[in-house]
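The values are calculated or read from the model by the stated rules, or taken from the named source; none is laboratory data. None of these values were measured; they are calculated from a predicted model. Here Cβ is always computed from backbone atoms with ideal geometry, including for glycine, and neighbour counts include all displayed protein chains. Calculation scope for accessible area: heavy atoms of the full protein, side chains included, ligands and nucleic acids excluded. Shrake-Rupley method; radii C 1.70, N 1.55, O 1.52, S 1.80 Å.
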Amino acid sequence: MKPFKLLSLSVVVVIVTLALSYEKIISSILLPQYVSWAYDVDAKGLEVGIPLKEREILLATEIGIQNPEKVRIIYVDEVPFPYENYALKILGEALGFVGEGIVNDAQVFGYSIYVRSGYKLDKPRLAHELVHVLQIERSDLETIITQHFSDLAQYGYQNAPLEVEAFKANQKYSGEY
């Protein structure tokens, strides 16, 4: 009976330790994997994406993007996510990136804006995504991903500071071109 109690106690200690250090696991193991994957997705998007049209470049410039000529739009059936990485999939579900009933219409990876086919990327929606490009340009992709993951966990999507800034662009640029 003693070995069973010792084993049970060990399992409890491991579970408690993992529960208390989940933030370290996410920041030291999972985030670097996601960031590396995101840089690869951006690189692919820059190769195959469509450059902004003249009026879209003017919008990007007005928003404050320093290099609007680098921005590319990539239309896809589904906005990419590293589903093949089980741990990242679980993290994505926990943060509301992916999962049953969740449709990601657009997402920015550096200068690449991935847009789900059939999603109308009108002026306010493009402005929203361009603000995310600006946020990355002001900092870097890794910093923004780290902040966004943390913000999503703390505030949820609608109240995450990076999203709040982007939602303001939806309102400011609500008219047509």
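Can you tell me which of V131, V108, V79 is open to solvent by less than 30 Å² (accessible area, probe 1.4 Å), on the phi < 0 side of the Ramachandran plot and in contact with a Phe, Trp or Tyr (Cβ under 6 Å, 6 or more places away or on another chain)? None of the other options fit; the residue is V79. Of all residues in the stretch 143-177 being among the acidic types (D, E) and more than 17 Å from F97 (Cβ to Cβ), which is modelled with the highest pLDDT? Checking each candidate, the answer is E165. Where residues in the stretch 94-108 are of a type outside the set (S, T, N, Q) and at pLDDT 95 or above, which of them is nearest to V133 (Cα to Cα)? Of everything passing the filter in the stretch 94-108, V108 is nearest to V133 (Cα to Cα). Would you check if A87 is surrounded by fewer than 16 Cβ atoms within 10 Å (Cβ to Cβ) and within 14 Å of the chain's Cα centre (by Cα)? Answer is no for this residue.
Would you tally the residues in the stretch 130-177 being among the acidic types (D, E) and more than 14 Å from the chain's Cα centre (by Cα)? Steps first, please.
At the first step, the residues of the stretch 130-177 found to be among the acidic types (D, E) are 137, 140, 142, 151, 163, 165, 176.
Retained after the next criterion (residues that are more than 14 Å from the chain's Cα centre (by Cα)): 137, 165, 176.
Within the stretch 130-177, residues that are among the acidic types (D, E) and more than 14 Å from the chain's Cα centre (by Cα) number 3.
Of I65, I25, all but one fail to be surrounded by 13 or more Cβ atoms within 10 Å (Cβ to Cβ), under 29 Å from Q154 (Cβ atoms), out of contact with any Gly (no Cβ under 7 Å at 6 or more places or on another chain) and modelled with pLDDT of 75 or more; the exception is I65. Got at least one residue in the stretch 45-52 being open to solvent by 30 Å² or more (accessible area, probe 1.4 Å) and assigned to a strand (DSSP E or B)? Within the stretch 45-52 (the criterion being open to solvent by 30 Å² or more (accessible area, probe 1.4 Å) and assigned to a strand (DSSP E or B)), the answer is yes, since at least one residue qualifies.
Rundown of residues vs (1) of a type in the set (S, T, Y); (2) in contact with a Lys or Arg (Cβ under 9 Å, 6 or more places away or on another chain); (3) at pLDDT below 95, yes/no style:
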position	(1), (2), (3)
G45	no, yes, no
G49	no, yes, no
A60	no, no, no
K70	no, no, no
Y75	yes, yes, no
E84	no, no, yes
G92	no, no, yes
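With respect to the conditions (1) at negative phi; (2) open to solvent by less than 30 Å² (accessible area, probe 1.4 Å); (3) not basic (K, R), L95 lacks only one, and its number is (2).
In the set (1) over 10 Å from the mean Cα position of the chain (by Cα); (2) under 19 Å from A60 (Cα atoms), the condition left unmet by Q107 is number (1).
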